[in-house]
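Undergrad: Pasting in a structure now, in structure tokens, and then I'll have a few things to ask.
The values are calculated or read from the model by the stated rules, or taken from the named source; none is laboratory data. Computed from a predicted model, the values in this text were never measured in an experiment. All Cβ positions, even for glycine, are placed from backbone atoms using ideal geometry, and neighbour counts span all protein chains on display.
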Ligand code: NAD
Ligand code: TDX
């Protein structure tokens, strides 16, 4: 039986990954979820597995020296490192938390994982580390890093520390760089859940600039299966790009959401552009496809349909977040963060 340490498992992608792995491996896997429960961490995302005999939650900051206790008392086959400050707009307003978690936190985790002989360290990174593209081309694993926001710069810093652990100590790492994820349980500050929930509430839909910026979208369960593939077949020291074959302008995404939501009073509102707004991301994922046999399964049309349906049927999940009840609950449980 394999034992995995997952960081940031109460967030959007991490919680999907935990449910995915427990779904695939049942009782043949044991998962320890280390999460600090920042504003983005939500145990409601793990309601379905909270009583699973092989799922364990540990409320801990990855930057805390006490994290070592967990490594002392357990043998981990792999660390899957999702924990991060993840929102670009927040990084533009206040960058230091991004350095604390994404850079320092990653190094602390690497140090413990290496000290306690973890067999594989899978670092979850992003296509944003490559910077911005013009109208053509796509990022390969050899594209030079050129991050433009404090968020992407902190992720690129983490990637370089992970790379250094391999080059210096031959510590068996992988870096997975993925495009924009979407799906159920995504915090409603990111484009797709913000637009869906605003449309349900009849609020304006704030599109930055002219809405012509382009992102490549991947349904979250496809990213989870890519990570599983890298854990099972990835070559130590290698980087794998993961993409969804779904490049869209932001305005097209918002229009598709409006169509799927149907009856709403919401209107598109063009607002001031994001500072340093990357124009376009596009991913060349031939390496993971050709070498490890992975490809995305869910089309954007299908994934968006499922996502809108989930937000419609789970209004309490996002209303609690948007109303602040959720924050009040967690502050009562765990103290002010
Ligand atoms: P998220 O913001 O939804 O979740 C982050 C989780 O990390 C939360 O549960 C939070 O409580 C936890 N966390 C934050 N700081 C922590 C700390 N110091 N110690 C312990 N836990 C901490 O993020 P997400 O969208 O699920 O992204 C997960 C990872 O995937 C991130 O590393 C992100 O950079 C990467 N990524 C995200 C996307 C995307 O589109 N969302 C795309 C590519 C890569
Ligand atoms: O209100 C909005 N209006 C708008 O036009 C918001 C929140 C976003 N946008 C635009 C900005 C981007 O061009 O939509 C696009 C997507 O924005 P986000 O959802 O904030 O994602 P992005 O900045 O592309 O970063 C995401 O993908 C890569 C994740 O947040 C990162 O964690 C991941 O690394």
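Undergrad: Does residue 281 satisfy being closer than 23 Å to residue 137 by Cα, more than 11 Å from ligand 2 (Cβ to nearest atom) and at pLDDT 95 or above?
TA: It is false that residue 281 is closer than 23 Å to residue 137 by Cα, more than 11 Å from ligand 2 (Cβ to nearest atom) and at pLDDT 95 or above.
Undergrad: For segment 201-220, enumerate the residues that are surrounded by fewer than 17 Cβ atoms within 10 Å (Cβ to Cβ) and more than 11 Å from ligand 2 (Cβ to nearest atom).
TA: 201, 202
Undergrad: If you don't mind, another one. Please go through segment 129-138 and give me each residue that is touching a helix residue (DSSP H, G or I) at 6+ places or on another chain (Cβ under 8 Å), surrounded by fewer than 23 Cβ atoms within 10 Å (Cβ to Cβ) and at negative phi, ordered by number.
TA: Across segment 129-138, there are no qualifying residues.
Undergrad: I'd like to verify a number: residues in segment 238-262 that are touching a strand residue (DSSP E or B) at 6+ places or on another chain (Cβ under 8 Å) and outside any helix (DSSP H, G or I), how many?
TA: Final tally of qualifying residues: 12.
Undergrad: OK, next. Could you check residue 311 against (1) more than 16 Å from ligand 2 (Cβ to nearest atom); (2) in contact with a helix residue (DSSP H, G or I) (Cβ under 6 Å, 6 or more places away or on another chain) and say which number it fails?
TA: Failing condition for residue 311: (1).
Undergrad: Tally the residues that are more than 16 Å from ligand 1 (Cβ to nearest atom) and either within 22 Å of residue 127 (Cα to Cα) or out of contact with any helix residue (DSSP H, G or I) (no Cβ under 9 Å at 6 or more places or on another chain) (or both), restricting the search to segment 171-207.
TA: Final tally of qualifying residues: 4.
Undergrad: Which residue, of 233, 287, is in contact (Cβ under 8 Å) with a residue 60 or more places away in the chain, surrounded by fewer than 15 Cβ atoms within 10 Å (Cβ to Cβ) and within 22 Å of the chain's Cα centre (by Cα)?
TA: 233
Undergrad: Tell me, which residue of segment 278-292 that is out of contact with any helix residue (DSSP H, G or I) (no Cβ under 7 Å at 6 or more places or on another chain) and more than 16 Å from ligand 1 (Cβ to nearest atom) is farthest from residue 235 (Cα to Cα)?
TA: If we take residues in segment 278-292 being out of contact with any helix residue (DSSP H, G or I) (no Cβ under 7 Å at 6 or more places or on another chain) and more than 16 Å from ligand 1 (Cβ to nearest atom), then 279 is farthest from residue 235 (Cα to Cα).
Undergrad: Look at residue 276 and say whether it is touching a residue at least 40 places away in the same chain (Cβ under 8 Å) and either within 21 Å of residue 205 (Cβ to Cβ) or crowded, with 18+ Cβ neighbours inside 10 Å (or both).
TA: no
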